[in-house]
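S.K.: Before I ask anything, let me first share the structure, which is written out below as structure tokens.
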Amino acid sequence: MGAGMEADEGVMATDFFWSYTDEPHASRRREILAKYPQIKELFGPDPWAFLKIAVVVSLQLWTATFLRDASWLKLLIVAYFFGSFLNHNLFLAIHELSHNLAFTTPSLNRWLGIFANLPIGVPMSITFQKYHLEHHRFQGVDGIDMDIPSQAEANAVKNAISKSVWVVLQLFFYALRPLFLKPKPPGLWEFTNLAIQVALDASLVYLHGWRSLAYLILSTFVGGGMHPMAGHFISEHYVFSPDQETYSYYGPLNLMTWHVGYHNEHHDFPRIPGARLHKVKEIAPEYYESLRSYRSWSQVIYMYIMDRTVGPFSRMKRKAPKKES
């Protein structure tokens, strides 16, 4: 394993961390299953997923209609302190659905993802699944794993101020990065996602006005930036310890985020729904208790901004495997 520089104390790296070994999760999965085969009993859909998503979608759409005549300041305040939590919950519901963890039939998970997408305001559910599954199969692989910041992002972010701006806008980078670096041709599912989302947005504007839609978009934007819920974007794979590339979070916000904080456990066992991931740690504690983890996503954001040695380059990368000729 090597970094792009022999990091002097207090100096930000100028290249990614490069690993010359495989990602750690597949081998740990095999080892854990050999020792604790009962973990397979945790595999399979979450029977409460549909109900949980339906409640949040309904509440958020009702809130949007309720705020149709609100001032812009009120819209922003409610979006930050309330709507952001709902929309980020739905974003992570879509993450759950990308692993087919609501139904055994993949198409039903896609339809539910399109439904969960509605209050987010921008169509992303189907496209997210395409790129996210590659993040699991090719974790850290250069040019394939689009979870990793681009070279341009990393070169532009050099200090606490630029890191703060990057955090505020990270949802845009997260969404647009794959479209520029590794575009995939849209298919029927993407167009379906787009058509249904546009229909919902247009109906909301027609029936309740632009402010209702603005509330949804604001909820998505502020919830993905300088916000406690968005701390998971950084905590999951940003390297704060050079010998570890995935980090779990064991704090209370797991209850609102489909337990995505159990991120080592999730990458080890992506077929286990978030609501059961804590059981993996309970069954096989010796594999997780020695790993560095977090208790506060807000603290992770603060550490990322204020630690002069940490930035977008603080990610583990691997060379793409050579194709056999």
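S.K.: What is the dipole size for the chain, taken about its Cα centre, with +1 at each Lys and Arg Cβ and -1 at each Asp and Glu Cβ, in debye to the nearest 20?
M.R.: On the way: 30 positive and 28 negative charges, 117 e Å.
Around 560 debye, computed over the chain.
S.K.: Subtracting the Cα-Cα distance from 0.36 nm times the residue separation, let me have the gained length for PHE81 to SER241 in nm, one decimal.
M.R.: Extra length from PHE81 to SER241 when fully extended: 54.4 nm.
S.K.: If r is the Cβ-Cβ distance from SER290 to LEU188 and R0 is 45 Å, what FRET efficiency results, to the nearest 0.05? Mind showing how you got there, number by number?
M.R.: On the way: r = 46 Å, r/R0 = 1.03.
Plugging the Cβ-Cβ distance into 1/(1 + (r/R0)^6) gives 0.45.
S.K.: In the chain, if the dipole is taken from +1 on Lys/Arg beta carbons and -1 on Asp/Glu beta carbons about the Cα centre, which of ALA102, ALA175, SER248 is farthest to the positive end?
M.R.: Of the options given, the answer is ALA102.
S.K.: With a 1.4 Å probe and every protein chain left in place, work out the accessible area per residue of segment 108-187 in Å², rounded to a whole number. Can you show the working numbers first?
M.R.: Details: 3580 Å² over 80 residues.
On a per-residue basis, 45 Å².
S.K.: Spin-label point model (7 Å from Cα, Cβ direction): what's the MET256 to SER150 distance in nm?
M.R.: A separation of 3.2 nm, rounded to one decimal place.
S.K.: Right, another one. By the scheme Lys and Arg +1, Asp and Glu -1, what is the net charge of all other residues having a beta-carbon under 10 Å from that of LYS52?
M.R.: Details: positive: none; negative: ASP46, GLU96.
Surrounding charge for LYS52 is -2.
S.K.: Mind listing which GluC sites (Glu not before Pro) in segment 1-105 are in a DSSP loop and have 16 or fewer other Cβ atoms within 10 Å?
M.R.: Numbers: sites: GLU6, GLU9, GLU31, GLU41, GLU96; in loops: GLU6, GLU9.
Of the GluC sites (Glu not before Pro), the ones in loops of segment 1-105 whose Cβ has at most 16 other Cβ atoms within 10 Å are GLU6, GLU9.
S.K.: Given a 1.4 Å probe and heavy atoms of the protein chains only, how would you sort LEU169, LEU204, largest accessible area at the top? Walk me through the numbers on the way to the answer.
M.R.: Numbers: LEU169 60, LEU204 15 Å².
Result of the area sort, largest leading: LEU169, LEU204.
S.K.: Just by accessible area at a 1.4 angstrom probe, what is the order of LEU61, LEU75 from largest to smallest?
M.R.: Numbers: LEU61 40, LEU75 0 Å².
Ranking LEU61, LEU75 by accessible area, largest first, yields LEU61, LEU75.
S.K.: In whole angstrom, how far apart do the alpha carbon centroids of segment 60-84 and segment 154-228 sit?
M.R.: 17 Å
S.K.: Shifting gears a bit: What is the percent carbon and sulfur in the accessible area of the chain, measuring with a 1.4 Å probe over the protein chains and ignoring ligands?
M.R.: That fraction is 64 percent.
S.K.: Can you tell which of ILE272, VAL310, SER290 lies farthest toward the positive end of the dipole of the chain, using +1 and -1 charges on the Cβ of basic and acidic side chains (Lys, Arg; Asp, Glu)?
M.R.: Going by the Cα projections, it comes out as ILE272.
The values are calculated or read from the model by the stated rules, or taken from the named source; none is laboratory data. Keep in mind that what you see is a predicted model, and the values were worked out from it rather than measured. Every residue, glycine among them, receives a Cβ derived from its backbone with ideal geometry; neighbour counts consider all protein chains shown. Remember, those area values only see protein heavy atoms, side chains included, never the ligands or the DNA or RNA. Shrake-Rupley method; radii C 1.70, N 1.55, O 1.52, S 1.80 Å.
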